[in-house]
1. For the stretch 55-100, which residues satisfy the criterion of being in contact with a Ser or Thr (Cβ under 7 Å, 6 or more places away or on another chain) and either surrounded by fewer than 11 Cβ atoms within 10 Å (Cβ to Cβ) or among the acidic types (Asp, Glu) (or both)?
2. Check every one of the strands (runs of 3 or more DSSP E) wholly within the chain and list those with 1 or more residues that are over 12 Å from the mean Cα position of the chain (by Cα) and among the acidic types (Asp, Glu).
3. Quickly run through the stretch 1-17 and pick out the residues that are surrounded by 15 or more Cβ atoms within 10 Å (Cβ to Cβ), modelled with pLDDT of 85 or more and not aliphatic (A, V, I, L, M).
Amino acid sequence: MPETKDKSYMEKIEVRNEDHFRKVKEFARNNGLLEQLEDRLQFLADYSPDWETKCVLAPDFAPYSFYFNMMRRDTPESEWQFWFGGGLIFFQGSGWSIHT
């Protein structure tokens, strides 16, 4: 069985800690939650139709969780600008939820 249907979210997500990211995905896979996690990652990757966006993920203090900074720019030539921050937080029994 393939790990995921579509990894296009990785084109728009910058992972600041690959080891944490790998461990969270392994936890999700081992607990039948990989599709739900990847749906949340895809949501973050596709957040805005109006600007080019990039989601920067880093470990959160909550287990199996991330905090994120959403970055945006008007054109491919412009600089990335901080837009807003939030968390991709794991809740036992319900999976990952996005909080801003």
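The values are calculated or read from the model by the stated rules, or taken from the named source; none is laboratory data. Everything quoted here is computed from the prediction, not taken from an experiment. Quick reminder, even Gly has a Cβ in these numbers, built from the backbone with ideal geometry, and neighbours come from all protein chains shown.
1. Selection gives nothing.
2. Values: elements: 13-15, 52-59, 66-73, 81-91, 95-99.
Per the criteria, 52-59.
3. Result: Lys12, single match.
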